[in-house]
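First comes the structure, then the notes that go with it.
What follows draws every value from the coordinates through simple rules; no lab data is involved. Everything quoted here is computed from the prediction, not taken from an experiment. With ideal geometry, Cβ positions are generated from the backbone for all residues, glycine too; neighbour counts draw on all protein chains shown.
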Amino acid sequence: MPPTVRDPSRSSINAPTSYLSNVSNFKIIESTLREGEQFANAFFTTEKKIEIAKALDDFGVEYLELTSPAASTQSYNDCKAIVGLGLKAKILTHVRCHMDDARLAVETGVDGLDVVIGTSSYLREFSHGKDMQYIIDTATEVIQYIKGEGLEVRFSSEDSFRSDIVDLLNLYRAVDKLGVNR
């Protein structure tokens with residue numbers, strides 16, 4: 001008896017190529033210029049940051065994420081310098097969910113902001129000391145400001161794994177209504 005041949009269209013398991021079917025919906029956000037400085041003794045000179053940014057842009061990265069301009073005067077100046085290069089990649093910066101940070105970032109001329117705030121009970125108690133309603137209200141204020149400046153807004157919560165799921169859903173429902181881009 002000949003071996004049974006399976007009809008792949010009837011399989012409940014997706015073929016490997018189906019995993020690539022939505023690849024046009026993805027964008028690469030390269031965070032070397034942010035994450036690359038977040039460990040002991042890590043530091044890129046302005047010249048090195050510009051070199052890295054140009055190389056990543058030449059490679060075709062869609063987004064470059066930079067250190068928050070609120071981190072230091074040097075980070076602010078570096079952000080402005082990279083924005084001034086006129087790269088094809090969109091320039092994002094990662095900021096705390098705080099109006100002062102958002103204003104500084106907007107001043108640099110970036111294309112968008114990644115806004116983050118801690119949501120777990122641990123961070124709310126030991127980091128910023130704010131309750132969920134305050135977080136939602138602040139996120140609303142910051143996001144509306146950024147959107148009002150015509151910039152892209154990405155929003156994320158820090159320590160989500162240890163956050164209450166209902167708190168997260170309420171927060172993300174609120175920011176989604178504001179039209180965040182991601």
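For the range 147-157, the Karplus equation 6.51 cos²θ - 1.76 cosθ + 1.60, evaluated at θ = phi - 60°, returns couplings of 4, x, 8, x, 9, 6, 10, 10, 10, 8, 9 Hz by residue, with Gly and Pro reported as x.
Model label sites at Glu149 and Thr45, defined 7 Å from Cα along the beta-carbon direction, differ in position by 3.0 nm. With 18 Å as the limit on Cα-Cα distance, the pairs of Lys90/Lys177; Lys88/Lys177; Lys48/Lys80; Lys49/Lys88; Lys54/Lys90; Lys88/Lys147 that go past it are Lys90/Lys177; Lys88/Lys177; Lys88/Lys147.
Computed extension length for Asp176-Met99: 25.8 nm, one decimal, from 0.36 nm per residue of separation with the Cα-Cα distance subtracted.
Under Stokes-Einstein, with the Kirkwood radius over Cα pairs as Rh, the value for the range 37-182 at 25 °C and 0.890 mPa s is 153 µm²/s.
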